[in-house]
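Have a look at the structure below before the remarks.
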Amino acid sequence: MYDETDDILVKNAFKVECGGEDSGFVGGIYKYKGGVPKLQISRFSVNKKGEIWLNKLGRLTIEELTALLPHIQEALTMLGEWK
């Protein structure tokens, strides 16, 4: 059974804004129970109250993918450091 307390953020990998400051993507490298580090990418948006909402990555436009690709490459290098 998943236990949130066992999910450890190893490193904030990146934050990419797409379409202004109120939306974009965040990436972090996580380890669960001392396992293999993995990259998690989430879509974020800021509502009218200024609250940040995280959502599944979902489908990407070519512009979004182009903006994310260099950051994914950087995260790949970071993950390689833990091999």
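You will find that of G20, G28, G35, the residue that is surrounded by 17 or more Cβ atoms within 10 Å (Cβ to Cβ) and not aliphatic (A, V, I, L, M) is G28 and no other. Counting residues in the stretch 52-63 that are modelled with pLDDT of 90 or more, at positive phi and either in contact with a Phe, Trp or Tyr (Cβ under 6 Å, 6 or more places away or on another chain) or assigned to a loop (DSSP other than H, G, I, E, B) (or both) gives one or more.
Those residues that are aliphatic (A, V, I, L, M), under 15 Å from V10 (Cα atoms) and without any contact (Cβ under 8 Å) to a residue 40 or more places away in the chain, I need them from the stretch 37-83; list them, please. Break it down into steps so the answer makes sense when it comes.
To start, the set of residues in the stretch 37-83 that are aliphatic (A, V, I, L, M) comprises 39, 41, 46, 52, 54, 57, 60, 62, 65, 67-69, 72, 75-76, 78-79.
Remaining after also requiring under 15 Å from V10 (Cα atoms): 39, 41, 75-76, 78-79.
Hits for the stretch 37-83 are I41, L76.
The values are calculated or read from the model by the stated rules, or taken from the named source; none is laboratory data. Keep in mind the model is a prediction, meaning the values are calculated, not measured. Note: ideal-geometry Cβ built from the backbone for every residue, glycine included; neighbour counts use all protein chains shown.
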